[in-house]
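Derivation of every value follows stated rules applied to the coordinates shown; laboratory data play no part. These numbers come from a predicted model, not from an experiment. Heads up, the Cβs are rebuilt from the backbone with ideal geometry, glycines too, and the neighbour counts pull from every protein chain shown.
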Amino acid sequence: MSINGTVAPGFEAVRAAFENNFTTQEDVGASVAISIEGEMVVDLWGGTATFDSGEGDWQEDTIINVWSTTKTMSALCCLILADRGDLDLYEPIATYWPEFAAAGKESIATRHVLSHSAGLSGWDEPLVIEDMLDHDKIVKLQAAQAPWWEPGTQSGYHAISQGFLLGEIVRRVTGRTLGTFFAEEVAGPLGADFHIGTGPELDARVAHVIPPPNPLEALDSEPDSIAVRTLSNPYATADFSSRHDWRRAEIPAANGHGNARAVALCHTPTACGGSANGVRLLSEEGVARIFDVQVEGPDLVLPMELKLGMGYGLPGSAMPVPNQRTCFWGGWGGSLAIIDVDAKMSFSYVMNKMGDGTVGDIRAIGLLFAAYAAMAG
């Protein structure tokens, strides 16, 4: 097993931590990338991966399903629209999507969806995983359904539903799907190899995930709890992500495909106050919206306390980082994206061997701490 890529002087500790993930944390194939002030100071990849054609080395252009790290991209799309004045995050969603006002949802705003506090973390109607491939069916169900708790009062992780809700809002505002908007307004201008809806021309580069040792289940054993209803309907298994119909669909909370470099590139302008390397995605005021705290406290689905802004987690017990203007989110199994506006740092870790975590794990945290140590040194 060899590690490939580049590390700027002073960041050798990140490479050492990355190597350590393979020797002591049982990583199989992975990548890590860090930009600071717009410059990519770490861009590493290594290990092995399984592709449609069989096993091979994790390459520079290998991409993989990053699960909920995709949510950071969906949130970015909404922040861009808000910055342009096309979407008011405090305005009722029904302003843009009239059918959404049904069943007492007339006051729910995009900010509630971005902060997982809309009360729509799951569906009343029993679903199977194949239903996630039918955007129109899913959003019609969401438009008709009543919230499970009073919106804005508490977060309950909208594990899959958040992406469909944001996707339909983007479609109503722009006439484009969220995947198309993201490709044209974010990934394209930045040259980032990240995709929400992955075409057949990319199949040869898509690595398969290695499912976690335990299924994704709620710790709460009450069958009618919000946590159980959210995580069991539909019941999801990680190996479903290797299906081509999953790749082709746009599931903006869960099926983004990319590598660490691509994730870090997408968030580099935000880390730098909205603009980097000649590409402006947000104004400084647009970046500041991220840190508009919407809800804080115990989550109804995840077994942790969360502090949530506009689309991202904020520093707290779930992510004890040194700088307060930092935001984050991670994916099922261990991928992670960190945006530190104070340090002008964009960090990402992506891997194929999934752990049991839902928003990052020790492999990513070890790399992140090594990055902060390098900056302090």
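The shape of region 251-302 comes out oblate: with a ≥ b ≥ c from the C-alpha gyration tensor, a/c is at least 1.5 while a/b does not beat b/c. Of the residues 113, 295, 350, the one with the fewest other Cβ atoms within 10 Å heads the list, and the complete ranking is 295, 113, 350. From helices alone, the chain scores -8000 deg cm²/dmol at 222 nm; the rule is -39500 (n - 2.57) for each run of n ≥ 4 DSSP H residues, then divide by the residue total.
Measuring nothing but how far apart in sequence close Cα pairs (under 8 Å, 6+ apart) lie, relative to its length, region 115-255 scores a relative contact order of 34 percent. This ranking places 225, 117, 107 by how few other beta-carbon atoms lie within 10 Å of each, fewest first, which gives 107, 225, 117. By definition, a body whose alpha carbon gyration tensor gives a ≥ b ≥ c is rounded when a/c is under 1.5, and region 241-377 falls into this rounded group. The slack between residue 4 and residue 373, meaning 0.36 nm per residue of separation minus the straight C-alpha distance, is 130.7 nm. The charge dipole of region 303-377, taken about the Cα centre with unit charges on the Cβ atoms of Lys, Arg (+1) and Asp, Glu (-1), comes to about 120 debye, rounded to the nearest 20. Hey, for a label at residue 362 modelled as a point 7 Å past Cα toward Cβ, could you say which residues of region 303-342 have their backbone N under 20 Å away? In region 303-342, the label zone of residue 362 (backbone N under 20 Å from the point 7 Å along Cα→Cβ) covers 303-304, 317-321, 330-337. For region 207-357, relative contact order (Cα pairs under 8 Å, six or more residues apart, normalised by length) works out to 24 percent. Take every DSSP beta bridge whose two residues both sit in the chain; close to 90 percent of them are antiparallel. For the pair residue 16 and residue 284 in one chain, pulling the backbone fully straight at 0.36 nm per residue adds 93.0 nm over the alpha carbon distance. In this simple spin-label approximation, residue 133 and residue 176 carry label points 7 Å from Cα along the Cα→Cβ vector, and these lie 2.6 nm apart.
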